[in-house]
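Contents: one structure, followed by commentary.
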Amino acid sequence: MTEEKKRSLEGWVPDLGDEVALHAALEKAFDYRGDVTCELASGETLEGYLFNRDFHAVPPFIEIYPNQESAPARRLEVGQIRALRFTGRDMADGRSWEAWMQKWKAATGERASGAAEI
């Protein structure tokens, strides 16, 4: 696994210079297991969990569960997003299969081989 794959996106502020970069960053935000913050063309800032996206819809959109108590899910047009920040804690950071296997082997005294023994 490369160092880049090991690094969490937490705290990342991607450059959204063009539509391709924006879609790539939103795709990473969809896979991210923490909150993101979107700054919109209207000046509004919305922080929450990005749970859906459709870049082929007309207009393309994302959907976010805001982190405010009991706020309903929001649909945002992709074209309205001016900035994106990965602001929430990455809930999956350090929880890879490799990390789990190392902890399990340490707890059980097994040798770390990387392959399942049958």
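The values are calculated or read from the model by the stated rules, or taken from the named source; none is laboratory data. Not measured: the values here are computed from a predicted model. Note: ideal-geometry Cβ built from the backbone for every residue, glycine included; neighbour counts use all protein chains shown.
Residues of segment 47-75 that are aliphatic (A, V, I, L, M) and surrounded by fewer than 18 Cβ atoms within 10 Å (Cβ to Cβ): Ala57, Val58, Ala71, Ala73.
Are any of the residues in segment 51-61 touching a Cys at 6+ places or on another chain (Cβ under 8 Å) and either of a type outside the set (Gly, Ala, Ser) or at pLDDT below 95 (or both)? Write out each step before concluding.
Of segment 51-61, the ones touching a Cys at 6+ places or on another chain (Cβ under 8 Å) are none.
For segment 51-61, residues touching a Cys at 6+ places or on another chain (Cβ under 8 Å) and either of a type outside the set (Gly, Ala, Ser) or at pLDDT below 95 (or both): absent.
Of the strands (runs of 3 or more DSSP E) that lie entirely inside segment 26-78, not one contains 3 or more residues that are of a type in the set (D, E, K, R), free of Cβ contacts under 8 Å to residues at least 12 places away in the same chain and farther than 18 Å from Pro14 by Cα.
Of all residues in segment 83-118 being touching a Gly at 6+ places or on another chain (Cβ under 9 Å) and surrounded by 14 or more Cβ atoms within 10 Å (Cβ to Cβ), which is modelled with the lowest pLDDT? Only one residue tops the list, namely Asp93. Taken as a whole, segment 1-23 holds no residue that is surrounded by 12 or more Cβ atoms within 10 Å (Cβ to Cβ), modelled with pLDDT under 90, within 18 Å of Ala73 (Cα to Cα) and out of contact with any Phe, Trp or Tyr (no Cβ under 6 Å at 6 or more places or on another chain).
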